[in-house]
Every structure is written in structure tokens, then in C-alpha cells.
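Below is one structure; the comments refer to it alone.
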Amino acid sequence: MIRQLGGVTVLVLGSALTACGPDGAGSAEGGGNRTLDVLAASSLTETFGTLADTFEDQHPGVDVRLVLESSTTLANQVDEGAPADVLATADEASMQLVLDAGNAEDAEPFATNELVLVTPADNPAGIRSLADLDDADVAFVACVETAPCGALAEQLLAENEVMNDPRSLEVDVKAVLAKVTSGEADAGLVYASDARAAGTDVVTLPVPGSGQARNSYLVAVVDQADDAALARDWVDLVLSSKGQQVLGEAGFGPAERSGSR
């Protein structure tokens, strides 16, 4: 079930099925209607929704509540004491806010993502490449610069010498995608995983240099977690072969590991 709370997407899933297996299996015992609050970047909506079903199958009596928003917004919410057991961000900078505040002790990379250009399926503006965004008649959208997708878009637009500004800046990547699929924008800069999730609703075009400017996704158990063992089970599932398969099939790249964080 998806709810909107103050502009934040909250996906609540609940089931109680079989005991957990060895791959991503949980260590927490007992039942009794517990809730695991997972704050995650909006680009993880589909994949974490799938993993939430798996997690609930493995943990009878546990409901996963996914709060989906821009990574920076979620990091700030954690630092302000919002209910949270796990945080998953679409960049290192957002996670670092929480680490620097002492609200998590460690964060682990679990995926990467790169930016692509999407147009509506009928591509009414006839866009063929990123350079076409410099046409004065083309209305394109991107994320706000404070969101990881926006910071990446700003970088790649500058590197490719696109001089036109986006027609609007959206709160997160899902809002950018919605502008494109609804026909309100001629094009938008989104993650490859979001373009794949949109399927035939969009035409996907490459962004030069995006393969060398991927965002790294990080996940951490936050210090205010009600049940740190249960939260760790979620992290283990994301890092497991099952979790990595779900992410890979959705268009995410493998994690880039360069030492402890």
C-alpha cells in the first residue's frame, strides 16, 4: 500500500509467511506486528518494494514501511530524529551527512546508477541526443541540485556544454519521470533504472560521460533503530545474491567498493 504523507511516498507492505532461509535470512526471532522503517531514495521504489516482500516472507509478523524521497531529504530526517531503522541513499554525500552527525556508524555500498535522457514514447520534440536540449523550443526537466540525481545532471550538462537551463527542477527522479511520461516535458534526466522501470512509456537515450560519473548507493543501519538486528537483516538482504539480482535486473550497476566508509 502506498501513502503520501506530506509529499513523501510511504509504501507499507505486510505479510507473514515462511521462516527465513540462508540467503539474506534474518536473525531476529518472534512475531508480533513489528514495523521496520526503511528510508530509501525514490529511485529504489520498485527494487526495495520487491525486497520488502521477500523480507516479510522471511520475517513473519514484520511489516516493512518504505519511506521514499530524495536522499538528502531523508538524511536530514534521520538527523532530525525521524523514525528510521535503515537508510539507503543514492549518493555518498547524503549518507555522509548522517555519518558526520553520528547517527550511523557505518555504511556499505550496494549498487551504482547512471544518468540517461528520456523522452515521451512518441518523442514529439524529435530529440535524438543530449545536444538537442540546447534547442530553445525543447522543454526538459531535471532534479533539484540538492538531490543526487540533480547534482549529477548539473555536472553532466556542464561537461557536455548544454547551455539551456531545465524548464523545471523536480524534487526527485520519480517526479522528473512523471513530467516526461505525462507529456508535460519533452525530455528529462533520470537514472537508468527508472528508465527501465518506465518501459515503453519512454524513449531512452545515452548521456555522454554518464558511465564515468555513476552515483554510488549506500545503505546503513541507523543508530536510532528499534531493533538493530532486524535492521541488519535488511542490509544483509540488500547485499545478498538475491538482493543484487533484483537490483541488477532493474538496471542498477554493481557496487563500487573502495574501502571502509
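None of the figures in this text is laboratory data; all of them are computed from the coordinates on show. On a predicted model such as this, the values are computed, not experimentally measured, just so you know. Here Cβ is always computed from backbone atoms with ideal geometry, including for glycine, and neighbour counts include all displayed protein chains.
Toward the positive end of the charge dipole of the chain, with +1 on the Cβ of Lys and Arg and -1 on the Cβ of Asp and Glu, the farthest Cα among 219, 246, 208 is that of 246. Note: relative contact order over the chain, using C-alpha pairs below 8 Å and six or more positions apart, is 27 percent.
In a Debye calculation with equal point scatterers on the alpha-carbon sites of the range 121-190 and no solvent, what is log10 I(q)/I(0) at q = 0.11, 0.28 Å⁻¹? Rounded to two decimals, the profile gives -0.22, -1.36.
The value of relative contact order for the range 121-188, using C-alpha pairs under 8 Å at least six residues apart, is 39 percent.
Size descriptors for the range 114-261 (Cα atoms only): Rg and Dmax, in that order, 17.1, 54 Å. Look at the dipole of the range 22-137 built from charges on Cβ: of 127, 44, 113, the Cα furthest out on the positive end belongs to 44.
Counted over the range 35-161, the DSSP beta bridges are approximately 0% antiparallel.
Taking every DSSP beta bridge that has both ends in the chain, the antiparallel portion is near 65%.
Across all directions, the shadow cast by the convex hull of the chain built on its C-alpha atoms averages 13.4 square nanometres.
Label the range 62-105 by shape, choosing from rounded, prolate and oblate, from the square roots a ≥ b ≥ c of the eigenvalues of the Cα gyration tensor; if a/c is under 1.5 it is rounded, and otherwise prolate applies when a/b is larger than b/c, oblate when it is not.
prolate
Only Cα sites of the range 72-160 enter the Debye sum here, all with the same form factor; the resulting log10 I(q)/I(0) across q = 0.17, 0.19, 0.20, 0.26 1/Å is -0.80, -0.90, -0.95, -1.35, listed in q order. A cut-off of 5 Å between modelled amide H atoms, ignoring neighbours fewer than 5 places along the same chain, links residue 67 with 11, 38, 39, 40.
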